[in-house]
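**Student:** Just passing along the structure, written as structure tokens.
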Amino acid sequence: VVDTGLGKVKVYNPKIGMDALLVVPVSRAAAEQRAGRAGRTGPGVCYRLFTQRAMIEEMLHTQIPEIQRTNLCNVVLLLKSLGKEDLEAFSFMDPPPQEIIKNSLYQLWVLGALDNAGRLTACGSMMVEFPLDPQLSKMVVTADQLGCTVEVLVIVAMLSVPQVFYRP
């Protein structure tokens with residue numbers, strides 16, 4: 001096994017509202033797991049392309065939890081539908097940054113899923129029923145009102161899968 005000590009991680013930037021795939025140093029736990037793969041099924045060696053000092057000083061012990069680095073619109077919408085109004089007091093196992101929660105509340109307000117007081121609207125109640133991103137579920141709800149549901153469902157289906165075209 002050749003371990004570069006790097007990995008790709010999806011990180012959400014609340015300032016621009018987009019996910020980015022960043023190359024970052026892996027955690028020490030991930031490096032140990034990679035080394036454990038060498039010799040798992042037969043004799044093997046792990047070659048690390050980083051120093052022991054880099055492993056100790058630059059790598060975190062464990063990876064940052066996903067809830068702290070992703071868009072929380074779906075989570076916030078689900079918690080609101082379950083009656084959890086005060087998300088700042090909600091006891092997350094690994095609390096996400098308040099900036100991401102506030103950004104998610106703002107995005108849901110813009111979509112019409114929350115009212116000015118932060119309560120779930122009728123539209124938000126319909127949106128939470130779909131296993132989609134809130135933006136896509138808002139498209140489906142609005143398409144029903146405009147009478148173009150079939151066309152929008154095709155678009156949403158194409159946006160919901162990673163690879164649409166298949167080339168053998």
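**Student:** Mind listing the Cα extents of the range 28-137 along all three principal axes, in Å, largest one first?
**Tutor:** For the range 28-137, the Cα spread along each principal axis is 60, 29, 21 Å.
**Student:** Now for a separate question. Starting at the first residue of the range 49-54, write each ³J(HN,Hα) from the Karplus equation 6.51 cos²θ - 1.76 cosθ + 1.60 with θ = phi - 60°, in whole Hz, x for Gly and Pro.
**Tutor:** After applying 6.51 cos²θ - 1.76 cosθ + 1.60, I find 9, 9, 7, 5, 4, 5 Hz.
**Student:** What is the chain's relative contact order, in percent, from Cα pairs under 8 angstrom and six or more apart in sequence? Before the final figure, lay out the partial values.
**Tutor:** Numbers: 185 pairs, mean separation 26.9, N = 168.
It comes to 16 percent, rounded to a whole number.
**Student:** Continuing with this model, one more query. Using the Karplus curve 6.51 cos²θ - 1.76 cosθ + 1.60 with θ = phi - 60°, work out ³J(HN,Hα) for each residue of the range 35-42 in order, rounded to whole Hz, and write x for Gly and Pro.
**Tutor:** 5, x, 6, 6, x, 5, 9, x
**Student:** Around L114, which amide H atoms from residues at least 5 apart in sequence, or from another chain, sit under 5 Å from its own amide H, with H modelled in the peptide plane?
**Tutor:** Under 5 Å from the amide H of L114: W109, T121.
**Student:** Measure nothing but the geometry: give the 0 to 90° angle between the long axis through the Cα atoms of 134-146 and the longest principal axis through the Cα atoms of the chain, rounded to 10°.
**Tutor:** Once rounded, the angle reads 30 degrees.
**Student:** Oh, and also: Rounded to a whole number of µm²/s, how large is the Stokes-Einstein D of the range 1-85 at 20 °C and 1.002 mPa s, given Rh as the Kirkwood radius over C-alpha pairs? If you can, show how the numbers build up before the last one.
**Tutor:** Working: Rh = 15.3 Å.
D, rounded to a whole number, is 140 µm²/s.
**Student:** With +1 on the Cβ of every Lys and Arg and -1 on the Cβ of every Asp and Glu, and nothing else charged, how large is the dipole of the range 20-168 about its Cα centre, in debye rounded to the nearest 20?
**Tutor:** 740 debye
**Student:** Now for a different question. Mind listing the long-range amide H neighbours of R48? Cut-off is under 5 Å, sequence gap 5 or more, other chains count too, H placed in the peptide plane at 1.01 Å from N.
**Tutor:** For R48, whose amide H was placed from the backbone, the distant partners under 5 Å are D3.
**Student:** Which of the aspartates and glutamates could be linked to K80 by a straight reach, that is with a Cα gap under 16 Å, when you skip same-chain ones fewer than 8 residues away?
**Tutor:** E88, D115, E129, D133
**Student:** Then there is this: Considering the options M127, I101, L6, tell which one lies farthest towards the positive end of the dipole of the chain, charges being +1 on Lys and Arg and -1 on Asp and Glu at the Cβ, about the Cα centre.
**Tutor:** L6
**Student:** Quickly rank 51-64, 90-103 as a protection proxy: mean count of other C-beta atoms within 10 Å, highest first.
**Tutor:** Working: 51-64: 11.7, 90-103: 13.6.
In descending order of packing, they fall as 90-103, 51-64.
**Student:** Give the cross-link partners of K84 among the lysines, using a straight C-alpha distance below 20 Å as the criterion and excluding same-chain residues fewer than 8 apart.
**Tutor:** Once the sequence-local lysines are set aside, what remains near K84 is K102.
Where a number appears in this text, it was derived from the coordinates with a stated rule and is not lab data. Keep in mind that this is a model prediction, so the values were computed, not measured. Don't worry about glycine lacking a Cβ; one is built from the backbone with ideal geometry, like all the others, and counts go over all protein chains shown.
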